[in-house]
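J.: Input: one structure, supplied below.
The values are calculated or read from the model by the stated rules, or taken from the named source; none is laboratory data. These numbers were taken from a predicted model, which means no experiment stands behind them. So basically every Cβ, Gly included, is an ideal-geometry build from the backbone, and we count neighbours across all protein chains shown. Protein only, heavy atoms only, side chains kept; ligands, DNA and RNA dropped before computing areas. Shrake-Rupley method; radii C 1.70, N 1.55, O 1.52, S 1.80 Å.
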Amino acid sequence: MEQLTPVPGEAEKRRALRTMKLVALSFLGAATLIFLATVLWPDPPAWVGYVRAAAEAGMVGALADWFAVTALFRRPMGLPIPHTAIIPTKKDVLGDSLGDFVGSNFLSESVVRDRLRRVGVAGRLGGWLAQPDNAERITSELSTVLRGAVTVLRDEDVQAVMEQAVVTRVVNVPWGPPLGKLLQRVFDDGTHHKLVDLICDQAYEWVSRNHDQVMRVVSNRAPSWSPKFVDALVADRVYEEVLTFAWNVKTDVNHPMRAAVDKFLHEFAGNLQTDPKIMERAELVKHQVLEHPAVKDVIGRAWTTAKRMLLDAAEDPSSELRTRVRTALTTLGDRLANDPDLRTKADGWVEGAAAYVVLNYRDEITTLITDTVHRWDAEETSQKIELQVGRDLQFIRINGTVVGALAGLLIYTVAQLIS
């Protein structure tokens, strides 16, 4: 059996319970002493009969209520009297009844919705979040949770998951058609012209800076019997033509070379979507890229970089991340507090979520109560309950003594009047 958790102030309650038991017992003792005194009184006057009747009835009432109160928690005087020690023997039944009671009266959809509607969760939450100190508090708590979650995660596990997720997703998706569609849009919009301009500029700059290299290439390709001065003249002429051609391509946006490049690029984008051979080569390039150690290293180090950034941002109160979260919370609070439509929607979401939980998980919630009660030790449970309510129950014994005495007095008086 499961031991119950100690309740704060148990010692004080135990003392109060003992005190009240002594008070109730003193009432019974007083009634007993008065009854014995009246019985042993030789040749008593007439009024003694009234006192004796009241004392006798008070004794009966006190004993009856003592039996009733005691029978809740244990067997009176240890006797196996039926229907006594109700709490220890009926603990599980009481737990089931408590679970059913809570489920029927507190976890019904109508009760939950009505309570949430009267509380106005969205409005209260909005007013609370709109205060900067509260928004900062929530941000700080979220930062703590984030730091804890990131710290607990093992780097190698996260890296393995990231590599598997990225590589698997990329491998399973063909590169050709989507890349072709993307390039088609870029080429149709003319966005690539900036890149072509840059290439043309760099080509012209390279040619203008590499006169000697062009001369050397032409000279090396010349016949061995050709005179050197002729090779130099030819090479110089070739260089001038190449330089002029590069300049024309650079400065003329309608140059045939540019048109040829545009045509090639459009055809290439189309082939990526329709030509099986081109698509197959694209897949081959994809696998070569993904299998390259540098790519795997980049994917693996991405988590390390992201982790460091997250930890730094969560630790620094002035970081962009915490500032944005704090601002978003205060903005949300202002909107919830001042926008009736949003507040109504939010209240509807809260009610719907609570109703969903109640409708689908009510049995699990009530089972938590019943299972917990079932695990409690019966005797200890009885003692704990008596400790909590026993002091008040002692007033039943006191009232039984007083009411019994008054009832006995009334009955004796009536009997005397009608006799």
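J.: Can residue 167 be described as open to solvent by less than 60 Å² (accessible area, probe 1.4 Å), assigned to a helix (DSSP H, G or I) and at pLDDT below 75?
T.: Values: open to solvent by less than 60 Å² (accessible area, probe 1.4 Å): yes; assigned to a helix (DSSP H, G or I): yes; at pLDDT below 75: yes.
When the stated conditions are applied, residue 167 passes them.
J.: Can you find a residue in segment 381-394 that is open to solvent by less than 40 Å² (accessible area, probe 1.4 Å) and without any contact (Cβ under 8 Å) to a residue 60 or more places away in the chain? Let's see the steps before the verdict.
T.: To start, the set of residues in segment 381-394 that are open to solvent by less than 40 Å² (accessible area, probe 1.4 Å) comprises 381-382, 384, 386-387, 390, 393-394.
Restricting the remaining residues to those that are without any contact (Cβ under 8 Å) to a residue 60 or more places away in the chain gives none.
For segment 381-394, residues open to solvent by less than 40 Å² (accessible area, probe 1.4 Å) and without any contact (Cβ under 8 Å) to a residue 60 or more places away in the chain: absent.
J.: Are any residues in segment 7-51 of a type in the set (D, E, K, R) and open to solvent by less than 90 Å² (accessible area, probe 1.4 Å), and if so, which ones? Even if it seems obvious, please write down each step before you answer.
T.: The first filter runs over segment 7-51 and keeps only residues of a type in the set (D, E, K, R), leaving 10, 12-15, 18, 21, 43.
10, 13, 21, listed by residue number.
J.: While we're here: Hey, can you tell me all the residues within segment 138-154 that are surrounded by fewer than 13 Cβ atoms within 10 Å (Cβ to Cβ) and in a helix (DSSP H, G or I)?
T.: Listed by number, the residues that qualify are 141, 144, 145, 148, 149, 151, 152.
J.: Something else: Only one of (1) in a helix (DSSP H, G or I); (2) open to solvent by 60 Å² or more (accessible area, probe 1.4 Å); (3) of a type outside the set (Asp, Glu) fails for residue 373. Which number is that?
T.: (2)
J.: Ok, one more. Quick one: how many residues across segment 61-79 are surrounded by fewer than 17 Cβ atoms within 10 Å (Cβ to Cβ), over 19 Å from residue 381 (Cβ atoms) and at pLDDT 80 or above?
T.: 3
J.: List every residue pair whose Cβ atoms lie under 6 Å apart, where the two residues are 6 or more positions apart in sequence or sit on different chains, the first residue falls within segment 58-81 and is in contact (Cβ under 8 Å) with a residue 40 or more places away in the chain, and the second residue, located anywhere, is hydroxyl-bearing (Ser, Thr, Tyr).
T.: 58/401; 59/32; 61/401; 62/401; 73/382
J.: Continuing with the same structure: Tally time: how many residues in segment 82-102 are open to solvent by less than 80 Å² (accessible area, probe 1.4 Å), within 22 Å of residue 391 (Cα to Cα) and either among the aliphatic types (A, V, I, L, M) or without any contact (Cβ under 8 Å) to a residue 12 or more places away in the chain (or both)?
T.: Number of matching residues: 3.
J.: Now a separate question. Would you point out the residue of segment 338-352, among those that are open to solvent by 40 Å² or more (accessible area, probe 1.4 Å) and of a type in the set (A, V, I, L, M, F, W, C), that is nearest to the chain's Cα centre (by Cα)?
T.: 350
J.: In segment 353-367, what residues are loosely packed, with under 12 Cβ neighbours inside 10 Å and of a type outside the set (Asp, Glu)?
T.: 353, 356, 360
J.: Also: Checking the structure you have, find out if any residue of segment 321-333 is part of a helix (DSSP H, G or I), open to solvent by 60 Å² or more (accessible area, probe 1.4 Å) and under 30 Å from residue 160 (Cα atoms).
T.: Checked segment 321-333: at least one residue is part of a helix (DSSP H, G or I), open to solvent by 60 Å² or more (accessible area, probe 1.4 Å) and under 30 Å from residue 160 (Cα atoms).
J.: All but one of (1) among the aromatic types (Phe, Trp, Tyr); (2) open to solvent by 100 Å² or more (accessible area, probe 1.4 Å); (3) at pLDDT 75 or above hold for residue 229, so report the exception by its number.
T.: The single condition residue 229 does not satisfy is (3).
J.: Would you please name the residue that is modelled with the highest pLDDT, looking only at residues in segment 103-120 that are part of a loop (DSSP other than H, G, I, E, B) and surrounded by fewer than 16 Cβ atoms within 10 Å (Cβ to Cβ)? Explain how you work it out, then say what you get.
T.: Quick first cut of segment 103-120, residues part of a loop (DSSP other than H, G, I, E, B) only: 106-108, 120.
Cutting the leftovers down to surrounded by fewer than 16 Cβ atoms within 10 Å (Cβ to Cβ) gives us 106, 108, 120.
Working: 106: 77, 108: 80, 120: 85.
Only one residue fits best here, namely 120.
J.: Looking at the structure I just gave you, is residue 123 open to solvent by less than 80 Å² (accessible area, probe 1.4 Å), within 30 Å of residue 382 (Cα to Cα) and part of a helix (DSSP H, G or I)?
T.: Values: open to solvent by less than 80 Å² (accessible area, probe 1.4 Å): yes; within 30 Å of residue 382 (Cα to Cα): no; part of a helix (DSSP H, G or I): yes.
Criteria not met by residue 123.
J.: Test residue 351 against the criterion of being acidic (Asp, Glu) and in contact with a helix residue (DSSP H, G or I) (Cβ under 6 Å, 6 or more places away or on another chain), and give yes or no. Quick ask: steps written out before the conclusion?
T.: Working: acidic (Asp, Glu): yes; in contact with a helix residue (DSSP H, G or I) (Cβ under 6 Å, 6 or more places away or on another chain): yes.
Yes.
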